[in-house]
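Asker: One structure follows; several queries about it will come next.
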Amino acid sequence: MKSNTIAAIATPMTNSGIGIIRISEDQSLDIIKKIYKPKKIDKKIKEVKTYTAHYGHVYDGETLLDECIVLVMKGPHSYTAEDVVEINCHGGVVVMKKVLEAVFKAGATPAEPGEFTKRAFLNGRIDLSEAEAVMDLIQSKNEFAMSTSLKQLEGALGKKITEIRKQIIHSVAFIESALDDPEHYSVDGFSDELKDQVEVIINQLNEFLENADNGRILKEGIQTVIVGKPNAGKSSVLNVLLGEERAIVTDIAGTTRDVLREHIHIDRMPLHSIDTAGLREATDEVERIGISRAWTEIEQADRIILMLDSSDPDSQNIEKVRSEFLSKLPSNM
């Protein structure tokens, strides 16, 4: 697919030691030739070998912008399967912006968010599951999420789906062949074989769907909501889990009015802990809103921690309190 040459800053926009500007498409080498001068005057950047690094300086016209290392990765053996050039300059925000502006002046256009990965997908470099894995890997908050994303990036899921697709296509082709040429292709007994095959495929797809929810938990953490009556100790539990005084704790009932979210790790497992307003008949509009939000979080939770106050006579019968609470939950939970 022929399209324009794109460029963008590939590293965070913050002051750091190194900043990278990435350029992708067939005109990448022509663009870098206009703004880059190698240390060795006789070097021709368009003729260098792929996967090589070159020291020199970046200019905007006659104005020196920075010294840099230019990496050349020629297609189709690059991330986008196009010619890719990366300018490794100093990581100052102003420096990176100036270098990027020079790249735009030389003929590149701004890349849209995720466009490098989009081009990798459109050019057949990666499949859709691998494209999704790129973002999951970048955003992974724990080792489990990182490991899962890496396996998906290597094509683990794509290979399984491709194999299922091949089985379906083979069966459809056999049936069509038998209908067109019944003298050479017999479907006797094939219906039972096809039934078994379909059942296996359905089970595999159901397993993928179940694992998708497990993958969400690995990436986002177990949505754990702490609920109970006012002054039952919900905020204290959150503080203990965090190891710091994050939630305000007082003897005044209804201290927590809004939802308080924190991410923690227990034995490397991510836990998205949510402290909520105490569940009771609201005494004012603010508390009513807080309690409403608490129930919204409860309905979306993976796990619920129900806090009970042992000094409260109404909480003595734990099983009764638990049953009453469960009866208030939606039927689909």
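The values are calculated or read from the model by the stated rules, or taken from the named source; none is laboratory data. None of these values were measured; they are calculated from a predicted model. As a convention, Cβ positions derive from the backbone with ideal geometry for all residues, glycine included, and neighbour counts pool all protein chains shown. The area values use the complete protein model at the heavy-atom level, side chains included, leaving out ligands, DNA and RNA. Shrake-Rupley method; radii C 1.70, N 1.55, O 1.52, S 1.80 Å.
Asker: Could you tell me which of ILE32, SER327, LEU128 has its Cα farthest along the dipole of the chain towards the positive end, charges placed at Cβ (Lys, Arg +1; Asp, Glu -1), taken about the Cα centre?
Answerer: Farthest towards the positive pole: ILE32.
Asker: Could you state the accessible area per residue of the chain in Å², with a 1.4 Å probe and every protein chain left in place?
Answerer: Numbers: 20430 Å² over 333 residues.
Accessible area per residue: 61 Å².
Asker: Shifting gears a bit: Return the calculated 222 nm mean residue ellipticity for the chain, to the nearest 500 deg cm²/dmol, obtained by summing -39500 (n - 2.57) across DSSP H runs with n ≥ 4 and dividing by the residue count.
Answerer: My calculation for the chain gives -14000 deg cm²/dmol from helical runs alone.
Asker: For an R0 of 45 angstrom, estimate the FRET efficiency from the Cβ-Cβ distance between LEU326 and LYS105 and round to the nearest 0.05.
Answerer: Numbers: r = 65 Å, r/R0 = 1.44.
Calculated value: 0.10.
Asker: So, with a 1.4 angstrom probe, what is the percent of accessible area on the stretch 17-77 that is carbon and sulfur?
Answerer: 55 percent
Asker: Follow-up question, since we're still on this one. Show me the ranking of peptides 169-178, 117-126 by mean Cβ neighbours inside 10 Å, starting with the highest.
Answerer: 117-126, 169-178
Asker: Moving on. Quick one: which of LYS44/LYS97; LYS151/LYS195; LYS46/LYS118; LYS34/LYS98; LYS39/LYS97 span more than 20 angstrom between C-alpha atoms?
Answerer: Correct reply: LYS44/LYS97; LYS151/LYS195; LYS46/LYS118; LYS39/LYS97.
Asker: Mind checking which lysines have their Cα closer than 21 Å to the Cα of LYS320? Skip sequence neighbours fewer than 8 apart in that chain.
Answerer: Once the sequence-local lysines are set aside, what remains near LYS320 is LYS229, LYS234, LYS328.
Asker: How large is the dipole of the chain about the Cα centre if only Lys and Arg carry +1 and Asp and Glu carry -1, each at its Cβ, rounded to the nearest 20 debye?
Answerer: Result for the chain is approximately 1820 debye, rounded to the nearest 20.
Asker: Go through GLY189, SER235, ASN206 and say which Cα lies farthest out towards the positive end of the charge dipole of the chain; charges sit on Cβ, +1 for Lys and Arg, -1 for Asp and Glu.
Answerer: Final value for the positive-end residue is SER235.
Asker: Pulled fully out, how much extra length does the chain show between LYS46 and SER147, if you take 0.36 nm times their separation in residues and subtract their Cα-Cα distance?
Answerer: Full extension from LYS46 to SER147 adds 32.6 nm.
Asker: Which of ASN15, ASN88, ASN317 moves the most in a Gaussian network model of the chain with Cα springs under 10 Å?
Answerer: ASN317
Asker: At what distance in angstrom do the alpha carbon centres of the stretch 98-120 and the stretch 30-93 lie from each other?
Answerer: After rounding, the separation between the Cα centres reads 14 Å.
Asker: Starting from 0.36 nm per residue, how many nanometres of slack lie between GLU154 and ARG303 once their C-alpha separation is accounted for?
Answerer: Roughly 50.5 nm would be gained on extension.
Asker: Let me ask something additional. So which GluC sites (Glu not before Pro) in the stretch 1-90 pass both tests, a DSSP loop state and at most 14 other Cβ atoms within 10 Å of the Cβ?
Answerer: Working: sites: GLU25, GLU47, GLU62, GLU67, GLU82, GLU86; in loops: GLU25, GLU62, GLU82.
Hits after loop and neighbour filter: GLU62.
Asker: How much solvent-accessible surface does VAL187 expose, in Å² to the nearest 10, with a 1.4 Å probe and all protein chains in place?
Answerer: It works out to around 70 Å².
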